[in-house]
Amino acid sequence: MTDTARPEDLLTRVGLFSTLGRVELAKLAAYLEPVEVQTGREVFRQGEAGDSLYIVTEGALGVFVASGDGRSALRVSTLAPGDLFGEMALFTGEPRSATVLADRPSTVLQLPRERFLLLVRREPAISLTVVATLSERLRTANQARVEHADFVAAAIEQALRRLPGERREAVLEASLLETMTPAGLRALFGSRAEPVAADLAALGVDGSAGRVTVRGLREWFERELGLDGVSARASSVAARLAHAGFWNDALGVLARVSTSALFAETLGRALRAVPALDADHARRWIERVDDDRASRNGDLALTRALLHEARGDAPRALGVLRRALGVALVGTDPATGQRLAAEIARLSNSRAADVAVGLRPASDTPPSPGWRRLPALLSLGAAGLATVIAAWPGAGALWTFVWLLATAIALLMSRVVPDFAVALALITGWVLLGVAKTPAALAGFASKEWLFVVATYGLAAATARSGLLYRIGLLLVRRLPHGVIWQTATLLLTGLVLTPLVPSSTGRASLTSPLALAVAEALRLPERGRSAALLGLGTWVGSGPLMFAFLNGSGTCLLAWGLLPEASRARFSWVGWFVAAAPLAVGLAVASLVVLRAMLRPEPVAELPLRRVSLQVAMLGPVAPREMGTIAILVVTVGGWVAAPWLGLDLATVALLGLLATVALGTFDRVALQSLDWSFLIFFGTVLTVGRLGATVGLDRAAAATVDRLLGTAQPGPLLFVLTVAGVSLVTRLVLDQDLTVVLVGITLLPVASRVGVEPWVVVIALLATSVAWFLPSQTPSYLVAQSASEGRLFSHEQAQRFAVAYAALTLLGLALSVPYWRLLGLV
Ligand code: CMP
């Protein structure tokens, strides 16, 4: 590799990233911070804490390890462009093992720890590269050591043979110590400490080769006494040290040459001694005792639990404490039992508090008690009851149909049975109970609507694989005006533009939220600060709640479209839908930005450093022929949807032609086909059948008659009706999921629409506009994705919740203001 390679060329050649595609590399580039290092300057120092990995892109750097006394440093390696360093501290959590400084002006790319670990988790092959690097380093180090050790062993042998027996024994015993301090030697040898220290100094133990000498002494000792002999001697040395209160030194000796039982027993005594072993050392030594052994001793258990707690593993800490409590009670040690019980209580309370404030997901709490499962059990019970009623002899097709539908809804609400299984069960029920013959029970799957959905999902999968969407986002961020509010508007618009291309709110949220995070990081916005929240929530609005602007904006829109009567479906094809829905969507987008800005009052921020975005664009390389092809297919397909009515084609045929073109291009293959959400597609096909079958058995007429009876002579105006639909939807969403709300409220209220002079499509829009709610964190999956894809670093749920309330109010206002426009279009 040359010294002056461009970062984007270099990254593709770094062994570490060889398994990543261009899109992944571009995403990664958002987190790589170029750092310039002048000649002789350090990147980091040996002994510092390490939180980043580095990749050399330019220049040369030396790796230096300090001698034992810290007085000199040895160069162990030289790094060239393409090499990585700083990985050891990331993996082990230990301090930096060496100092790295520049031999000449150099540039390195810094990758933060979390990003690196995320990458390793997602791309396990990356760890192979790191292991290869480490193995190579180890091999070189082993070779150097062997050459050195032979030389040292000969020198030590000679020196030891010259010492009289007793002094030789003392020197060898001293070599078992971790560090040979004068105090430690006095504790071990009493008045003989000084001559021993002098003998050690003569052997060179305190010089620059001290560690090598000590290792040589220990190896000699082992050859003389055998492993068991050394172990016995170590026990006696440790006992003398412990007796003098040198617990840390005693544990150091035992940790290397003794049994784990003796080590644990000594540590237990050290923790209880007066004065006890200090906390730092206790923490270090408790790592060597496993949970099982720690649970057998109250003091060890308490210390081990603190270690787990400090690492954020409270369940494991509680496990150790509970087992130790059992041991203490059996062993009738009430004092220790009390301490353990108090600690268990403290830990349980702080855990409950963490869950309550959302620091810790409730999911890692122990299995939920029976009463938490009550709603699911009740739903399953209701489903069973509804099935029995549906199967009651002589119920009639209409009532069997209604009760089977009730069974399906109860099953969906239980959240125990997956959607697709409920759908299949419903079809089976219709056929078995004689509501419909098999072809009619599967009619939804033979419809144009179902084919349209399959084809648009296919097109979306093909587009996602081409890297095109990421490029569009980056270009938008780069080209449009700067400043947080404008960046937010850009990202919101990105989500909106992607809506007809990626017909899934979850998919869009997972594309645009990381982009927003990258922008926030490039701008160095404080996490969950006002500007970051503005960026995150604005981006979310573009990717989720505004989906209703397009017929194929999300699976839910398509579901709702499938529920419309045939005449409305014909009237609202792609263009008709967009024209009627766009003003509300645009109004809500603008109003959201205004409200967010007023609510959050973002702090002023620096300019966006475009260097990094440019690096990301460069990583993607020139537009590949496949991307070009994908762009062409998308443009022609969307154009086809617009022109479909004039061409005499339907939407499904246009979408299928587009999908076939992506097959020809090679972006939609067997793997892409399998990656489609077939669970949703089966559910969707069945919902389409529900609409058709409902009309066949007379459900629409029965519903309209019931409403007539209920309304009597009252005649609600269109405005009141639209707001009622929206209100019912908002409330229903508090208990039911998005699709279920749209289907249920849709089936119930659509027949009423014509009765009050409102086009059913208006009901659908009122439903869809209010169906994405995020008052409660788990209400909407795509909201959760928006939050987690930005790693929870852009906005807190409290910030989002306040905005959710404002957004709901804006939606109601928007719907009210849209009524005159829809009247103009002849829809009300
Ligand atoms: P880390 O311990 O995080 O910080 C110092 C880095 O220097 C270390 O990771 C390795 O990347 C690198 N390093 C340490 N020892 C050697 C060696 N013997 N040869 C090459 N590189 C090394």
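Out of ASP206, ASP299, ASP199, which single residue is in contact with a Leu (Cβ under 8 Å, 6 or more places away or on another chain), acidic (Asp, Glu) and open to solvent by 30 Å² or more (accessible area, probe 1.4 Å)?
Selected residue: ASP206, the only one of ASP206, ASP299, ASP199 that is in contact with a Leu (Cβ under 8 Å, 6 or more places away or on another chain), acidic (Asp, Glu) and open to solvent by 30 Å² or more (accessible area, probe 1.4 Å).
Has region 25-40 got at least one residue that is farther than 21 Å from LEU517 by Cβ and of a type in the set (Lys, Arg)?
Looking for residues that are farther than 21 Å from LEU517 by Cβ and of a type in the set (Lys, Arg), one finds none in region 25-40, hence no.
So for region 109-126 (the condition being over 30 Å from SER790 (Cβ atoms), within 15 Å of the ligand (Cβ to nearest atom) and either small (Gly, Ala, Ser) or assigned by TED's automatic domain parsing to the domain that holds GLU33 (or both)), does at least one residue qualify?
There is no residue in region 109-126 that is over 30 Å from SER790 (Cβ atoms), within 15 Å of the ligand (Cβ to nearest atom) and either small (Gly, Ala, Ser) or assigned by TED's automatic domain parsing to the domain that holds GLU33 (or both).
Looking at GLY495, GLY536, can you tell me which residue is touching a residue at least 60 places away in the same chain (Cβ under 8 Å), part of a helix (DSSP H, G or I), in the same structural domain as PRO602 (by TED's automatic domain parsing) and farther than 18 Å from LEU620 by Cβ?
Answer to the check: GLY536.
Does PHE189 satisfy the criteria of being open to solvent by less than 20 Å² (accessible area, probe 1.4 Å), more than 25 Å from VAL14 (Cα to Cα) and either away from the ligand (no atom under 16 Å from the Cβ) or within 51 Å of the chain's Cα centre (by Cα) (or both)?
It is true that PHE189 is open to solvent by less than 20 Å² (accessible area, probe 1.4 Å), more than 25 Å from VAL14 (Cα to Cα) and either away from the ligand (no atom under 16 Å from the Cβ) or within 51 Å of the chain's Cα centre (by Cα) (or both).
Does ARG137 satisfy the criteria of being over 25 Å from LEU20 (Cβ atoms), of a type in the set (Lys, Arg) and in the same structural domain as LYS27 (by TED's automatic domain parsing)?
Spelling it out, it is not the case that ARG137 is over 25 Å from LEU20 (Cβ atoms), of a type in the set (Lys, Arg) and in the same structural domain as LYS27 (by TED's automatic domain parsing).
Applying the selection to region 641-666, what residues are open to solvent by 60 Å² or more (accessible area, probe 1.4 Å) and among the aromatic types (Phe, Trp, Tyr)?
Answer for region 641-666, where residues must be open to solvent by 60 Å² or more (accessible area, probe 1.4 Å) and among the aromatic types (Phe, Trp, Tyr): just TRP646.
List every residue pair whose Cβ atoms sit under 6 Å apart, with the two residues 6 or more apart in sequence or on different chains, where the first one lies in region 123-134 and is closer than 13 Å to PHE17 by Cβ and the second, anywhere, is of a type outside the set (A, V, I, L, M, F, W, C) and more than 13 Å from the ligand (Cβ to nearest atom).
Cβ pairs passing all conditions: GLU123/THR19; ALA125/THR19; THR129/GLY15.
Out of the residues in region 78-101 that are touching a residue at least 40 places away in the same chain (Cβ under 8 Å) and polar (S, T, N, Q), which is farthest from the ligand (Cβ to nearest atom)?
For region 78-101, the residue satisfying everything is THR99.
Looking only at region 679-698, decide whether some residue is surrounded by fewer than 14 Cβ atoms within 10 Å (Cβ to Cβ), out of contact with any helix residue (DSSP H, G or I) (no Cβ under 7 Å at 6 or more places or on another chain) and of a type in the set (S, T, N, Q).
No, because not a single residue in region 679-698 is surrounded by fewer than 14 Cβ atoms within 10 Å (Cβ to Cβ), out of contact with any helix residue (DSSP H, G or I) (no Cβ under 7 Å at 6 or more places or on another chain) and of a type in the set (S, T, N, Q).
What is the residue count in region 257-282 for residues that are in a helix (DSSP H, G or I) and surrounded by 15 or more Cβ atoms within 10 Å (Cβ to Cβ)?
Count: 12.
Just for region 794-828: of the residues that are over 30 Å from VAL519 (Cα atoms) and assigned to a loop (DSSP other than H, G, I, E, B), which one is most open to solvent (accessible area, probe 1.4 Å)?
The extreme case among them is LEU825.
Take the residues in region 99-110 that are in contact with a Phe, Trp or Tyr (Cβ under 8 Å, 6 or more places away or on another chain) and open to solvent by 10 Å² or more (accessible area, probe 1.4 Å), then tell me which one is nearest to GLY70 (Cα to Cα).
THR99
Of all residues in region 131-181 being among the hydroxyl-bearing types (Ser, Thr, Tyr) and part of a helix (DSSP H, G or I), which is farthest from the ligand (Cβ to nearest atom)?
Among residues in region 131-181 that are among the hydroxyl-bearing types (Ser, Thr, Tyr) and part of a helix (DSSP H, G or I), the one farthest from the ligand (Cβ to nearest atom) is SER135.
Determine whether region 775-793 contains at least one residue that is more than 30 Å from LEU525 (Cβ to Cβ) and assigned to a helix (DSSP H, G or I).
Scanning region 775-793 turns up no residue that is more than 30 Å from LEU525 (Cβ to Cβ) and assigned to a helix (DSSP H, G or I).
Residue check: is TYR31 in the same structural domain as ARG139 (by TED's automatic domain parsing), closer than 19 Å to SER18 by Cβ and near the ligand (Cβ under 10 Å from one of its atoms)?
Here the answer is no, as TYR31 does not meet what is asked.
Per-residue answers, yes or no, for (1) of a type in the set (A, V, I, L, M, F, W, C); (2) crowded, with 17+ Cβ neighbours inside 10 Å; (3) in a helix (DSSP H, G or I):
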position	(1), (2), (3)
GLY553	no, yes, no
THR556	no, yes, yes
ALA567	yes, no, yes
ALA591	yes, yes, yes
ILE631	yes, no, yes
VAL636	yes, no, yes
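When SER236 is evaluated against the numbered criteria (1) touching a helix residue (DSSP H, G or I) at 6+ places or on another chain (Cβ under 8 Å); (2) open to solvent by less than 60 Å² (accessible area, probe 1.4 Å), which criterion, by number, is the only one it fails?
(1)
Which one of GLU173, GLU222 is among the charged types (D, E, K, R), closer than 27 Å to HIS281 by Cβ, open to solvent by 30 Å² or more (accessible area, probe 1.4 Å) and touching a helix residue (DSSP H, G or I) at 6+ places or on another chain (Cβ under 7 Å)?
Going through GLU173, GLU222 in turn, the sole match is GLU222.
Look through LEU11, LEU84, LEU79, LEU74 and report the one residue that is aliphatic (A, V, I, L, M), over 24 Å from the mean Cα position of the chain (by Cα) and open to solvent by 50 Å² or more (accessible area, probe 1.4 Å).
LEU74
The values are calculated or read from the model by the stated rules, or taken from the named source; none is laboratory data. Predicted model only: the values in this text are computed from it and were never measured. Don't worry about glycine lacking a Cβ; one is built from the backbone with ideal geometry, like all the others, and counts go over all protein chains shown. Ligands, DNA and RNA are excluded from the accessible area calculation, which covers all protein heavy atoms including side chains. Shrake-Rupley method; radii C 1.70, N 1.55, O 1.52, S 1.80 Å.
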